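Step one of this worksheet: look at the structure below.
The values are calculated or read from the model by the stated rules, or taken from the named source; none is laboratory data. Given the structure is predicted, the values throughout are model-derived calculations rather than measurements. Quick reminder, even Gly has a Cβ in these numbers, built from the backbone with ideal geometry, and neighbours come from all protein chains shown. Just the protein is used for accessible areas: all its heavy atoms, side chains included, with ligands, DNA and RNA removed. Shrake-Rupley method; radii C 1.70, N 1.55, O 1.52, S 1.80 Å.
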Amino acid sequence: MTQPDHSLRLASLQASVQAPFVLGAGSSAYQIEGAVREDGRGPGIWDSFVRTAGAVKDGSNGDWACDHYHRIDEDVTLMKWMGLDGYRFSIGWSRIFPDGTGAVNQRGLDFYDRLVDRLLENGILPYPVLYHLDLPEGLQTKGGWLNRDTASAFESYAVAVAMRLGDRVPMWFTHHEPWCQAFLGYEYGVYAPGVRDFERALQCAHHLLLSHGLATRA
C-alpha cells in the first residue's frame, strides 16, 4: 500500500508551531483509547491501579473509555469541525513495547501512524506526548521509576516511536506533568502506582528527569 505524501501539508502546518496562539485539544491514551487487550497491547500501571480496592471512587476503568482506538476517523472529523489547529495526544508505551522493553509491537505503532496521517489530512498538527503516567506493568514489576533502568528503557521507546513518526511530527513532548507521576504516584499514592513514600517520590523524580534527558538527546 502506498503511503500518503504529507510533506507539503506538514510544511504548511509547521508554521503554526511558531504562531502566537494554537487552538488545540489534549488527551491521554489510557483516558480515551480503550482496547486495552487488542493488537498486542500490554498492561500498564493504570490497568492495575484502577482495580485496587478504594483507588477509584466508583470503580470505573479505562477498558472501554471513549473507544478512540476504533473511532479515529470520527474523532478527527470532530476535531476538524471544532476548528482545531493542533492535537496533543499521548502514546501508550505498552502498545509499542507490551512489557516495556524487548521487541517492538508494530501493530501498536500502526495505530499512531494512522492517527498522525488522519490529523495531517485534516490540517491538524500532531503534538505527541511519549509518557502520560502510564508505565508498562512489566517495568513496574522491576521497580518502575525507582529503577534507573526504566530511564534507559524510555530512551529506547522514544527512539522507536520517533523513527516511525518523526518524518511527520515537528514537535514532541517527553513527559506529561512529571510532578504528578513522582508525587501523586509515589508520595500521596492517589495516582498509579499508589506508593506513599516521600523519598521514593524524589527517586522517581530523578529518574523521570534522567529519562527526559536521554530521550531528548536520542
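Annotations for the structure displayed:
- The phi torsions of the stretch 177-192, fed into the Karplus equation with coefficients 6.51, -1.76 and 1.60 and a -60° offset, translate into couplings of 6, x, 4, 5, 4, 5, 9, 6, x, 10, 9, 8, x, 8, 10, 4 Hz, rounded to whole numbers, with Gly and Pro shown as x.
- Antiparallel bridge percentage (DSSP; both residues within the chain; nearest 5): 10
- For the stretch 122-218, the Cα gyration tensor yields ellipsoid semi-axes of 26, 14, 11 Å (square root of five times each eigenvalue, largest first, whole Å).
- Panel values: the stretch 45-96, Kirkwood radius from alpha carbon pairs, Stokes-Einstein at 4 °C and 1.567 mPa s, translational diffusion coefficient 96 µm²/s.
- Between the C-alpha center of the stretch 30-109 and that of the stretch 149-218 there is a gap of 17 Å.
- Tilt relative to the chain, helix 149-165 - C-alpha long axis, 0 to 90 degrees, to 10: 10
- Within the assembled protein chains, the solvent-accessible surface assigned to residue 190 is about 80 Å², based on a 1.4 Å probe.
- If the chain linking residue 114 and residue 147 were pulled fully straight, counting 0.36 nm for each residue of separation and taking away their Cα-Cα distance, it would gain 8.6 nm.
- Gain in span if fully extended, residue 188 to residue 18, counting 0.36 nm per residue against the direct Cα distance: 57.4 nm
- Simple spin-label estimate for residue 121 and residue 80 gives 0.8 nm between the two label positions (7 Å along the Cα-to-Cβ direction from each Cα).
- Shape call, the stretch 48-131: gyration tensor on alpha carbons, a/c limit 1.5: oblate
- Taken over the stretch 63-198, the ratio of Cα radius of gyration to 2.2 N^0.38 Å equals 1.11.
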